[in-house]
Amino acid sequence: MLRPAQFFKCLSDETRLAATLLIKQEGELCVCELVTALEDSQPKISRHLAQLRNCEILDDARRGQWVYYAISPALPYWA
């Protein structure tokens, strides 16, 4: 179960927060779209997305060569 402190700690980084807000707005995004939108390197964006997955904020799905990220439907209502 996601704890509030863990949730807010994961979102305390500006890049992770921006990526989460973009994904929430668009429904789902792939790494390549986030790299363009956030104007940052692919390795850095991927590292932040991995942290958001570990915090159970995002879910991922592979389609072909791309991995798409969406807000986890398991997030508690308060999140």
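Within segment 53-67, take every residue that is touching a helix residue (DSSP H, G or I) at 6+ places or on another chain (Cβ under 9 Å) and within 12 Å of Cys32 (Cβ to Cβ) and give me the one that is surrounded by the most Cβ atoms within 10 Å (Cβ to Cβ). Talk me through it step by step, then tell me what you get.
Just the residues of segment 53-67 that are touching a helix residue (DSSP H, G or I) at 6+ places or on another chain (Cβ under 9 Å), to begin with: 54-60, 66-67.
With the extra rule that they be within 12 Å of Cys32 (Cβ to Cβ), the set shrinks to 66-67.
Numbers: Trp66: 11, Val67: 14.
Taking the candidates together, the pick is Val67.
Given the condition more than 13 Å from the chain's Cα centre (by Cα), at positive phi and outside any helix (DSSP H, G or I), answer yes or no: does some residue in segment 35-56 qualify? Scanning segment 35-56, I find at least one residue that is more than 13 Å from the chain's Cα centre (by Cα), at positive phi and outside any helix (DSSP H, G or I), so the answer is yes.
Residue count for segment 21-36 satisfying the condition of being touching a helix residue (DSSP H, G or I) at 6+ places or on another chain (Cβ under 9 Å), of a type in the set (A, V, I, L, M) and surrounded by fewer than 16 Cβ atoms within 10 Å (Cβ to Cβ): 1. Among the residues of segment 46-55, is there at least one that is in contact with a strand residue (DSSP E or B) (Cβ under 7 Å, 6 or more places away or on another chain) and in contact (Cβ under 8 Å) with a residue 40 or more places away in the chain? Checked segment 46-55: at least one residue is in contact with a strand residue (DSSP E or B) (Cβ under 7 Å, 6 or more places away or on another chain) and in contact (Cβ under 8 Å) with a residue 40 or more places away in the chain. Kindly provide the set of residues from segment 1-34 that are within 12 Å of the chain's Cα centre (by Cα), in a loop (DSSP other than H, G, I, E, B), on the phi < 0 side of the Ramachandran plot and not hydrophobic (A, V, I, L, M, F, W, C), ordered by number. Hits for segment 1-34 are Asp13, Glu28.
A short reminder: the numbers here are calculations on the coordinates, not readings from a lab. Remember, it's a predicted structure, so these values are computed and weren't measured experimentally. Glycine also receives a Cβ, built like all others from the backbone with ideal geometry; neighbour counts cover every protein chain displayed.
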